[in-house]
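Readers should treat all values here as calculations from the given coordinates under stated rules, not as data from a laboratory. Everything numeric in this text was worked out from a predicted model, so none of it was measured. Using ideal geometry, Cβ is built from the backbone for each residue, glycine included, and neighbour counts are taken over all protein chains shown.
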Amino acid sequence: MSNLISWSDVFVVGIGLDIAGAYLLAKGLLMGDRQVLGLARTYFDASPDQVVARVDDRIAGTVGVMALVVGFLFQLAGYFINSSIRVSTTDASLPRGLVTIGLAVGAVAVVRIAYSTIRPTLRRRFLIRLARYDKESRLQALPYGHMLVVFGRAAEMSSPRDGETQKQYAMRVWRVSAVTEGGPPQ
């Protein structure tokens, strides 16, 4: 039994705790649609700038937690390989240290590139979904054209062209084929 457990196993327990903590952090910080709309509401109406900001926070939090979990799983795999298979170790040297730093910087770059790549798609998807909520926070079948225009301006996507209807705007900017003209009923 003493051959199965060592002090380095404390690190593995730590990674399990990190994964559970990342999950709970995400659960606590990443808001659902109704929470985003509720926090972004002023006394009279939703603040489009705040909605866009909360959507961006939601995307950043999601990508960040995913990066944490994947990182912890990489660490766990390393500990598993190290404790279950005799791995030839490399000698300590300055070039080995520089490679280690390069790998860490490369991982940061991969996360940044992934975030930059998926952010526009997720932002569009979340804002279209939020444009489907009425004033009582009930999800409707179609997004409100007025909300798409307001969110598009707040997200600095595009303003409607002269004479462009909300449906035409939704097709051009949001790639949505059907909208409910106007905004949510009072």
(request) Would you mind giving the average projected area, over all directions, of the Cα convex hull of the range 101-184 in nm² with one decimal? (result) 6.9
(request) Extending each Cα 7 Å along its Cβ direction at residue 99 and residue 159, get the distance between those two points in nm, one decimal. (result) 5.6
(request) Could you list which residues have their amide H under 5 Å from that of residue 180, counting only those 5 or more apart in sequence or on another chain, with H placed in the peptide plane? (result) 144, 145
